[in-house]
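Take a look at the structure below.
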Amino acid sequence: MEMSAVRNAIADAARAVTLPAGTAALTSTGYVPDAVTAPHFFCAEYSVDYDRAMNRALDEVELTCRVLVGRADDKSAQAILDNLLAGSGPTSLKTAIEAARGAPGDYALGGLAHDLHVTRVQGYRWYEHQSTQYVGAELIIKIIGEG
C-alpha cells in the first residue's frame, strides 16, 4: 500500500460529512497540518504489521486520525465533536470514511487497499496544536492491503 495515497483518500472521504446548519464545514488533510482550520480532521500516526499473509500478500495498518473542533464555546464545541463521532448518520466520520470501502467485492479507497474499518474512538479530550487548544478525539482505522 502507498500510505500517502491511502491517507489522502481517507481525508477525501471524511469531507463527505454534513454538519448542522451554522457550523463551519469540516476541513480535512491526509497529513498532520501546521495550522488547523476548525473543525479539522487529519490522518496522523500509523503502525504497520507486515506480512500478514505469505509472500508480502497482505499488510495490516492501524491509522490514528484526529478531529479537532474550536473551543469558542466548550459546550457547543463538544456537541459538534459528538456529532462527528456518532456511529452513523450524515455527520458521522465513521459513516463517511467507511463509505469509501466501495461496493461488495470492490477494493477500498478506489483500489488503494483491500478493506478498511473504523474500529474505535479514543482520547476524547483537549488537544493543543500550534499553541491553540481544541476539543478533539482520535479515530482508529484498520486498513488491509497488498504488501
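Nothing in this text is a laboratory measurement; each read-out follows from the coordinates by a stated rule. The model shown is predicted, which means the values in this text are computed figures rather than measured ones. Neighbour counts are summed over all protein chains in view; Cβ atoms, including those assigned to glycine, are modelled from backbone coordinates with ideal geometry.
What the table below lists for this structure:
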item	result
DSSP-assigned coil residues among GluC sites (Glu not before Pro) in the stretch 1-80, each with at most 13 further Cβ atoms within 10 Å	Glu2
Ranking of Thr91, Thr18 by count of other Cβ atoms within 10 Å, fewest first	Thr18, Thr91
Unit charges on C-beta of K, R, D, E only; dipole of the stretch 14-126, Debye	300 debye
Environment charge of Lys142, counting only residues whose C-beta is closer than 13 Å and scoring Lys/Arg +1, Asp/Glu -1	-2
Calculated from backbone phi, Karplus (6.51, -1.76, 1.60) coupling profile of the stretch 103-116 in Hz, x at Gly/Pro	6, x, x, 8, 6, 7, 6, x, x, 6, 8, 6, 6, 8
Where a label projected 7 Å from the Cα of Lys75 along Cα→Cβ would reach, residues of the stretch 11-28 with amide N under 20 Å	20-24
Additional length obtainable on full extension of the chain from Thr119 to Leu19, 0.36 nm per residue less Cα span	33.8 nm
Gain upon complete extension [Ser47, Tyr107; 0.36 nm per residue less C-alpha separation]	19.5 nm
Label-point separation, Ala5 to Ser131 (7 Å along Cα→Cβ), nm	4.0 nm
Beta bridges per DSSP with both ends in the chain, % antiparallel, nearest 5	90 percent
